[in-house]
Amino acid sequence: MYPLYFSFLCRITLKYNFSTSSGYISCRSFSLRRKVTKAPPSISASFQPTFLQPVVWVSQKNKHNVTCYQSQGAPHIEAQSMEEVYDALAERLLSVLKNVDHLDSKYIVGLAGPPGAGKSTVASEVVRRVNTRWSQKRAKDSSLNSNEDIATMLPMDGFHLYRSQLDAMEDPKEAHARRGAPWTFSPSLFLQCLQALKKEGSVYAPSFDHGVGDPVENDIFVKAEHKIVIVEGNYLLLEENIWREIRDLFDEKWFIDIDIDVSMQRVLQRHIGTGKEPDVAAWRISYNDRPNAELIMESRKAADLVIRSVDFSS
């Protein structure tokens, strides 16, 4: 799966200098320090793909070993459980908080992946861990006056087109059958929302009511106190049209890598769980969900960090 790996095992810590947009990776076991030339906190520029074994990324809080592989593109991280991955990702983001001086500053992470990859779970679990550890730090440091959470998540689902908009298309039946494809979203409104968040420091965004099947306007509020925002969605790393402008707004881009058959099995169970007959659910997978997933998997190359999903059923 991963043709090129590192030739050493070590504990690594990320250190960032925001004034120079440079960083260092400190490998304690070898006392090796390499300067990062790419803007932080991406670690891909520091890992040279000329080695053959994995680096172990140690979660400092609970001493979890999270393996970071460098292949031809972005680094990959994986572990024996997703819990360990969540902890490692939270610590990755907490390192950003140490260097962001202004409370209204934003560090926006784009988290992409195919349907069934677990994007919402990863985003919510990482946000929860960041907020918990920030709260613990705040209790020990009287200079941190804010009682607000420091991180939040923003799903892309709220930018689905309304059913009435699908009804107004040239082929409404096809539009509803393909709902979830890129052209059944409003990327222009999504872009405006993220631009407002960057410029103003806070924004109201829509959520999506799966029971009704339509967005709910202004249902999510990203506050000025939220320094870290994890935006999760299928198409965040696409190259085409407005999607590229959306992609370029993220300070860091993550992708959840999962076997497409596993993800489609999860989506199938999701469809059946919402009341679809098994044959109808299977048809929707083949007609819509899998083609969408294959398109999304192609966008993985734009990620700064690839998260290897753990299949809990295995």
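Overview of values
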{"read-out": "Val216 versus Ala139: modelled label distance in nm, points set 7 Å from Cα along the beta carbon direction", "value": "3.1"}
{"read-out": "Amide hydrogen neighbours beyond the local backbone of Ile77, cut-off 5 Å, H modeled", "value": "Tyr69, Val306, Ile307, Arg308"}
{"read-out": "Virtual spin-label span in nm between Lys301 and Asp259, 7 Å along Cα→Cβ", "value": "2.5"}
{"read-out": "Charge dipole of region 194-303 about the Cα centre (unit charges at C-beta), most positive-ward option of Gly213, Gly201, Leu236", "value": "Gly201"}
{"read-out": "Thr132 paired with Ser105, simple spin-label distance in nm, labels 7 Å along Cα-to-beta-carbon", "value": "2.6"}
{"read-out": "For region 165-314, with +1 on Lys and Arg beta carbons and -1 on Asp and Glu, the positive-most of Ala302, Trp283, Trp183 along the dipole", "value": "Ala302"}
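None of the figures in this text is laboratory data; all of them are computed from the coordinates on show. The structure displayed is predicted, hence computed values, not measured ones. Because the Cβ atoms are built from the backbone with ideal geometry, glycine has one as well, and the counts that use them run over all protein chains shown.
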